[in-house]
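In what follows, a structure is listed as structure tokens, so that the remarks can point back to it.
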Amino acid sequence: MRRLLGMVLGLEAIMILLFIPVAITISHDSPALAGAVAGALAAGAVALAVVAGRPRAGWALIAGTLLQLGVIATGVLVPAMYALGAIFLGLWLTGMWLGYHHEGAP
């Protein structure tokens with residue numbers, strides 16, 4: 001489960017960084033705002049991807065869920081992020097569900 005969730009966060013970090021040029025060119029948001037929001041979310045995703053595979057890091061599941069909600073909230077700047085955030089939230093919840101049913105609770 002932890003490896004799967006780490007992979008979801010790693011791919012999500014890439015998607016979050018691709019949010020920057022879209023927010024600047026299509027939504028006409030300021031580069032500083034787009035960079036700050038995406039940079040913070042991407043850094044959080046990478047940090048959680050590293051920690052998610054470690055033993056006794058159950059708090060990372062909660063933090064990862066909150067990160068998913070933060071990604072969905074970026075839909076305020078780029079409406080397509082509502083859908084992309086929901087897709088990654090679905091992947092995140094599916095990974096947690098599979099982990100609990102196949103590996104047991106952490």
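Checked against (1) surrounded by 12 or more Cβ atoms within 10 Å (Cβ to Cβ); (2) modelled with pLDDT under 90; (3) in a helix (DSSP H, G or I); (4) not acidic (Asp, Glu), Pro106 passes all but a single condition, namely (3).
Within the stretch 1-49, work out how many residues are closer than 16 Å to Trp92 by Cβ and either touching a strand residue (DSSP E or B) at 6+ places or on another chain (Cβ under 7 Å) or in a helix (DSSP H, G or I) (or both). Show your work before the answer.
Quick first cut of the stretch 1-49, residues closer than 16 Å to Trp92 by Cβ only: 1-16, 41-42, 44-49.
Then drop every residue that is not either touching a strand residue (DSSP E or B) at 6+ places or on another chain (Cβ under 7 Å) or in a helix (DSSP H, G or I) (or both), which leaves 2-16, 41-42, 44-49.
Going through the stretch 1-49 one residue at a time, the tally reaches 23.
Taking the criterion of being surrounded by fewer than 16 Cβ atoms within 10 Å (Cβ to Cβ) and part of a helix (DSSP H, G or I), the residues of the stretch 52-62 that qualify are Trp59, Ile62. Quick check: is even one residue across the stretch 25-43 surrounded by 20 or more Cβ atoms within 10 Å (Cβ to Cβ), at pLDDT below 95 and not aliphatic (A, V, I, L, M)? No, that holds for no residue.
Scanning the stretch 63-103 for residues that are at pLDDT 95 or above, over 23 Å from Ile24 (Cβ atoms) and loosely packed, with under 13 Cβ neighbours inside 10 Å returns Leu66, Leu69, Gly90. Between Ile87, Ile72, Ile20, Ile62, the distinction of being in contact with a Pro (Cβ under 9 Å, 6 or more places away or on another chain) and without any contact (Cβ under 8 Å) to a residue 24 or more places away in the chain belongs to Ile20 only.
The values are calculated or read from the model by the stated rules, or taken from the named source; none is laboratory data. Just so it is clear, the model here is predicted, and its values are computed rather than measured. Virtual Cβ from ideal backbone geometry, glycine too; neighbours counted across all protein chains shown.
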